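The values are calculated or read from the model by the stated rules, or taken from the named source; none is laboratory data. Since the model is a prediction, treat every value here as computed from it, not as a measurement. Here the Cβ positions follow ideal geometry from the backbone for every residue, glycine too, while neighbour counts run over all protein chains shown. Quick note on the areas: whole protein, heavy atoms, side chains included, nothing else; ligands and nucleic acids left out. Shrake-Rupley method; radii C 1.70, N 1.55, O 1.52, S 1.80 Å.
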Amino acid sequence: MAERVRRSVFRDLSLSAATAGFVAVLVGFTSSIAIVFQAARAFGATPEVITSWVWALGIGMGLCTAVPSLWWRKPVMVAWSTPGAAVLATAGAGFGMGEAVGAFMVSAALVVVAGATGWFERTMNRIPVALASALLAGVLARFGLQAFTAAQTALPLVVAMLLAYLLGRRLAPRYAVPWTLVVAIFFVAARGELAGAEVHFSLATPVFTMPVFSWQSCIGLALPLFIVTMASQNLPGVAAIRAAGYDLPVSRIVTLTGIATLVLAPFGAFALNLSAITAAICMGREAHPDPDRRYTAAVSCGLIYLLLGIFGVAVTGLLTAFPAELVAAIAGLALLGTIGSGLQAALHDERHREAALITFLVTLSGVVIAGIGSAFWGVVAGAIALFVQQYRAQPRA
């Protein structure tokens, strides 16, 4: 049985899927690892503890991504909570590492309840497809914009990548993103723009921290962490799954992320959740034209995350050697197709068009109110617009 599964995965795997998995890790990791480090330092973490955080997050994301994807043969994408890390970095003052770990575990327990009871999935089922698509398009469009604003500081690189992408789409659409990434790497290497990273290939050592539970950390850390993780991460994560056309057991996946966080929290896994940005990369046509074979992109991503955890410091050095402009440009170009599909689905139905457009614009704005990101407020604004326009409205003659 195991041999048959192995042959099936290797048969389904392709260069474009493997590249999508690598790009997902590159984008997800380099765009927010600094925030994770800031969060750890807010609690007085030593370098050994920070390495343990990378280990725990890498192991958690890798297993929660690769194993379900193999089991269901559908792409399941899990990431750490970047908004959650930002909350911890600002709210961590005054709390020790033990209290932080206790808060991580309380937040994880709340996520398990949200998944096991099914209330989160039931709430998502009530959001119209147009609003969910607009939400996803708004989240991803920020990355699309960053791909071209990177031209302000690296115009030759962005132009070279754009030309490579357009030629790839013309000549071999399936391999446009891998080709663009290769061109970008050679381009920055030839110009001497790859940052020199000191790489030590040693195994990361997990450091256990005994949790300390207090009502202050529950209110000041656990509750905000839970709210932003569900509203700013899991909400657009579900939108990404449904926009890609996959029918996945959302409640079970959310429960899995909560359990994994609960187990790995003493080692530094502060919050694992559904991914939106990296999910769009691995669930789109660029990963593979056949939706039934895109799970291999998620498996590739999960395996790289596992390596990230095992060789924490070394992989961190390798990934952060890429210029920020390269990461921004490859992310935006890889997401163009998904952004376009999201906008098409959002604006297709005239009855939902204005509400969807409001959802898109509020989400794209990046506004943060009461510590909660624009993804949540975009859905709220769109739902209010839809209610005002359609509640007991008489159909037009």
Return the whole-Å distance between the Cα centroid of the range 65-93 and the Cα centroid of the range 362-384. 20
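Please report, in debye to the nearest 20, how large the charge dipole of the range 44-179 is about its Cα centre when each Lys and Arg carries +1 at its beta carbon and each Asp and Glu carries -1 there. Each step should come with its number before you reach the end.
Working: 8 positive and 3 negative charges, 154 e Å.
For the range 44-179, the charge dipole is close to 740 debye.
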Is the range 1-152 rounded, prolate or oblate when judged by the Cα gyration tensor, a ≥ b ≥ c being the square roots of its eigenvalues, rounded requiring a/c under 1.5 and prolate requiring a/b larger than b/c? rounded
Extension gain Arg126-Gln152, at 0.36 nm per residue separation less the Cα-Cα distance, in nm? 5.2 nm
Quick check: pseudo-label points 7 Å beyond the Cα along Cα→Cβ at Thr46 and Arg252, how many nm apart are they? 4.2
With a 1.4 Å probe and all protein chains kept in place, how do Met210, Met124 rank by accessible area, largest first? Met210, Met124
Dipole moment magnitude, nearest 20 debye, the range 110-193 about Cα centre, only Lys, Arg, Asp, Glu C-beta charged: 200
Env charge @ Pro128, Cβ radius under 10 Å, K,R +1 / D,E -1, value +1
With unit charges on the beta carbon (Lys/Arg positive, Asp/Glu negative), name the residue among Asn125, Thr205, Ala100 whose Cα is farthest towards the positive pole of the charge dipole of the range 100-226. Asn125
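Once you list every other residue whose beta carbon is under 12 Å from the beta carbon of Leu163, what net charge do they have if Lys and Arg are +1 and Asp and Glu are -1?
So the surrounding residues net to +2.
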Need one number: convex hull volume per residue for the range 222-375, Cα atoms only, in Å³. 147
Note: Val159 to Leu361 extended length (0.36 nm per residue) minus current alpha-carbon separation gives 70.0 nm
Quick check for you: with a 1.4 Å probe and neighbouring chains kept, what is the accessible area per residue of the range 72-167, in Å²? 39
When all protein chains stay in place, what accessible area (Å², nearest 10, 1.4 Å probe) is found for Ile227? 70
Spin-label point model (7 Å from Cα, Cβ direction): what's the Ala324 to Trp215 distance in nm? 4.3
Tell me, what % of the accessible area of the chain is carbon and sulfur with a 1.4 angstrom probe? 67
How high is the relative contact order of the chain? Use alpha-carbon pairs under 8 Å, at least six apart in sequence, and give a whole percent. 35
Residue-by-residue Karplus 3J(HN,Hα) for the range 159-169, coefficients 6.51, -1.76, 1.60, Hz, glycine and proline x: 5, 4, 5, 5, 5, 4, 5, 5, 5, x, 5
Would you mind calculating the gained length between Ala34 and Val388 on full extension (0.36 nm times residue separation, minus the Cα-Cα distance), in nm to one decimal? 123.3 nm
About the Cα centre of the chain, what is the dipole size in debye to 20, counting +1 per Lys and Arg Cβ and -1 per Asp and Glu Cβ, all else neutral? 960
